[in-house]
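For reference, the structure discussed in these notes is given below.
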Amino acid sequence: MAEKQEAFRVGIVGCGLIADKLDDVPPLAPGRIAMPWTHAPAYSMVPDMRIVAAADVNDAVAREFAERWAVPAVYNDYREMFQRERLDVVSVLVPNFLHCEVTLAAVEAEVRAVFCEVPMASTLAEADRMIQACAEAGTELVVDLGSGRWWAQEYLNAREIIDTGGIGDLVTMTATVTGGLLLNGTSLLDMLRFFAGSEVTEVLGWLYEPPSTGSEYIDRGASGFMRFENGVEAIFSGRDGKPFVEWDIMGSEGRIRIGNNVLDLSKLSGGGGRTEIVSYQFPQRYVAKSPRVAIIEEIAACLRGERDSISNGADGRASMEIAMAFYESDETGGWVKLPLADTSRQVKVLHGPRPWE
């Protein structure tokens with residue numbers, strides 16, 4: 001009988017909202033969300049993973065997290081944790097301007113996989129350093145694309161309908177979200193790329209002025225237009241005040257509306273000069289699973305050498321670059337072509353409510 005493989009050793013850097021507490025609070029918007037949404041409970045559902053250490057600069061927060069999840073080792077310095085714990089996997093759950101330094105330290109400590117929350121970094125230059133370091137070391141860099149929706153079965157079903165011509169040729173898409181462009185918006189941009197199966201070539205956008213707070217953590221809302229290499233066009237609607245997160249995907253022969261509150265499929269039907277729009281049952285036969293659990297299962301499979309991840313640093317960077325193009329377009333007042341020459345622009349964001357909320 002083959003020996004049972006020892007569980008992969010996991011370390012958590014940052015024990016705040018996305019580590020476990022976000023699942024405990026009322027949702028910011030109504031709708032369908034597969035739980036758990038946070039990291040600790042998802043790791044607990046994957047037998048191949050075991051959280052052995054956690055680090056947070058706030059000692060009380062770190063110890064509360066460790067007590068809740070039976071984590072044996074607690075640190076206030078993630079570098080010390082990396083030196084002592086021989087970790088296989090690290091979840092990077094600190095603010096985005098710390099993602100690069102934590103990832104580079106994990107690579108230096110020979111951590112085998114880094115699971116990084118969005119946005120991937122605070123500058124494109126930081127994202128490039130993360131990608132290069134992980135590639136050179138052979139470290140898996142998994143970015144939480146679409147806030148997990150790249151792994152969610154209903155979104156995979158929608159992508160299959162698009163790819164197999166179920167709504168004809170893809171023509172336009174509209175993404176609707178409330179909140180900051182980097183923290184919430186990059187997840188919407190991830191999904192536009194996911195559905196289009198193509199890269200954005202140019203952006204026309206504008207940013208909304210936040211209330212004056214004096215904070216350096218200003219993640220501004222934005223709206224605008226995008227054009228993809230394959231000719232698809234998209235609208236991004238990111239003005240505050242809407243309780244919905246959704247994508248409206250228009251093809252030449254049908255339409256998909258998908259989001260936290262909606263799951264609709266419509267197609268053109270008819271003949272003899274008469275055409276009608278008919279609603280169809282969206283594919284429902286699948287095993288429901290939290291996308292966060294699916295990501296962690298995939299990381300375990302990667303570490304066992306069974307498959308590659310569908311996520312990588314390049315995908316995380318791509319949506320960041322689109323967001324940064326919105327900033328540049330707002331400043332210039334015109335269309336901005338990608339790739340961007342300037343990779344130094346920095347936008348710092350925090351998880352949770354923005355300073356004026």
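Just so it is clear, none of the values below were taken in a lab; they were calculated from the coordinates. Quantities reported herein were computed from a predicted structural model and do not represent experimental measurements. Because the Cβ atoms are built from the backbone with ideal geometry, glycine has one as well, and the counts that use them run over all protein chains shown.
Please work out whether region 198-337 counts as rounded, prolate or oblate from its C-alpha gyration tensor, where a ≥ b ≥ c are the square roots of the eigenvalues and a/c under 1.5 means rounded, while otherwise a/b larger than b/c means prolate and anything else oblate? Intermediate values should be presented prior to the final figure.
Numbers: a/c = 1.78, a/b = 1.15, b/c = 1.54.
Since a/c reaches 1.5 but b/c is at least a/b, the shape of region 198-337 is classed as oblate.
Would you work out the relative contact order for the chain, in percent, from Cα pairs under 8 angstrom that are 6 or more residues apart? Walk me through the intermediate numbers first.
On the way: 762 pairs, mean separation 72.4, N = 357.
Value for the chain: 20 percent.
I'd like to know which of Q132, A301, S279 lies farthest towards the positive end of the charge dipole of the chain, counting +1 on Cβ of Lys and Arg and -1 on Cβ of Asp and Glu.
S279
So what is the relative contact order of region 124-220, in percent, for Cα pairs below 8 Å that sit 6 or more residues apart? Can you show the working numbers first?
On the way: 52 pairs, mean separation 24.5, N = 97.
Contact order relative to length: 25 percent.
Rounded to the nearest 0.05, what FRET efficiency is calculated for I235 and R307 with R0 set to 51 Å and r the Cβ-Cβ distance? Numbers along the way, then the final one.
Details: r = 35 Å, r/R0 = 0.68.
Here the calculated transfer efficiency is 0.90.
Exactly which trypsin sites (Lys or Arg not before Pro) in region 16-102 are in a DSSP loop and have at most 15 other Cβ atoms within 10 Å?
When the trypsin sites (Lys or Arg not before Pro) of region 16-102 are filtered for loop state and at most 15 Cβ neighbours within 10 Å, R32, R86 remain.
Taking the Cα centre of the chain as the origin and placing charges on Cβ (Lys, Arg +1; Asp, Glu -1), which of G179, V349, V74 is farthest toward the positive end of the dipole?
Toward the positive end, the furthest listed residue is G179.
Cα to Cα, under 22 Å, and not fewer than 8 places away if on the same chain: which lysines meet these conditions relative to K267?
Qualifying lysines at Cα under 22 Å: none.
For region 37-53, list residues with backbone N below 18 Å from a point placed 7 Å from the Cα of Q5 toward its Cβ?
43-52
Does region 1-130 come out rounded, prolate or oblate, given a ≥ b ≥ c as the square roots of the eigenvalues of its C-alpha gyration tensor, rounded meaning a/c under 1.5 and, failing that, prolate meaning a/b above b/c?
Working: a/c = 1.37, a/b = 1.03, b/c = 1.32.
Since a/c stays below 1.5, the shape of region 1-130 is classed as rounded.
Could you work out how much longer the chain between K289 and V25 gets when fully extended? Use 0.36 nm per residue separation minus the Cα distance between them, nm to one decimal. Walk me through the numbers on the way to the answer.
Numbers: separation 264, 0.36 × 264 = 95.04 nm, distance 2.04 nm.
Going from the current span to full extension adds 93.0 nm.
Looking at the square roots a ≥ b ≥ c of the eigenvalues of the Cα gyration tensor of the chain, which shape do they give, rounded for a/c under 1.5, prolate if a/b is larger than b/c, or oblate? Walk me through the numbers on the way to the answer.
Values: a/c = 1.80, a/b = 1.39, b/c = 1.30.
Prolate.
Please give the charge dipole size of the chain, origin at the Cα centre, charges +1 on K and R Cβ atoms and -1 on D and E Cβ atoms. Round to the nearest 20 debye. If you can, show how the numbers build up before the last one.
On the way: 33 positive and 52 negative charges, 163 e Å.
Dipole size: approximately 780 debye.
Charges at C-beta only: +1 for Lys and Arg, -1 for Asp and Glu. How large is the resulting dipole of region 158-290 about its Cα centre, in Debye rounded to 20? If you can, show how the numbers build up before the last one.
Numbers: 12 positive and 17 negative charges, 91 e Å.
Dipole size: approximately 440 debye.
Order these by the 10 Å Cβ neighbour count, fewest first: H351, H99. The partial results should precede the final answer.
Details: H351 17, H99 27.
Final ranking by Cβ density, sparse to dense: H351, H99.
With each run of n ≥ 4 DSSP H residues scored as -39500 (n - 2.57), what mean residue ellipticity at 222 nm is computed for the chain after dividing by its residue count and rounding to the nearest 500 deg cm²/dmol?
Working: 9 runs with 104 residues, N = 357.
Computed ellipticity for the chain at 222 nm equals -9000 deg cm²/dmol.
Given an 8 Å cut-off on Cα distances and at least 6 residues of separation, report the relative contact order of region 1-160 as a percent.
20
Restricting to bridges with both residues inside the chain, how much of the DSSP beta-bridge set is antiparallel, in percent to the nearest 5?
Values: 37 of 64 bridges.
Antiparallel bridges make up about 60 percent of those DSSP assigns within the chain.
What per residue convex hull volume, in Å³, do the alpha-carbon atoms of region 161-237 yield? Could you put the intermediate results ahead of the total?
Numbers: hull volume 6.5 nm³, N = 77.
So the per-residue hull volume is 85 Å³.
Using the count of nearby Cβ atoms within 10 Å as a rough guide to exposure, how do E126, E233, E306 rank from fewest to most?
On the way: E126 24, E233 15, E306 9.
Neighbour counts put them in this order, fewest first: E306, E233, E126.
Name the chymotrypsin sites (Phe, Trp or Tyr not before Pro) in region 144-174 that are in a loop by DSSP and that have at most 13 other C-beta atoms within 10 Å, would you?
On the way: sites: W150, W151, Y155; in loops: none.
Here no chymotrypsin sites (Phe, Trp or Tyr not before Pro) fit, given the DSSP loop and packing criteria.
Cβ under 15 Å from E298's Cβ, E298 left aside: what net charge do those residues give with Lys, Arg +1 and Asp, Glu -1? Mind showing how you got there, number by number?
Working: positive: R112, R149, K289, R292, R304, R307; negative: D48, D88, E140, D144, E297, E306, D308, D315.
After counting each charged neighbour, the total is -2.
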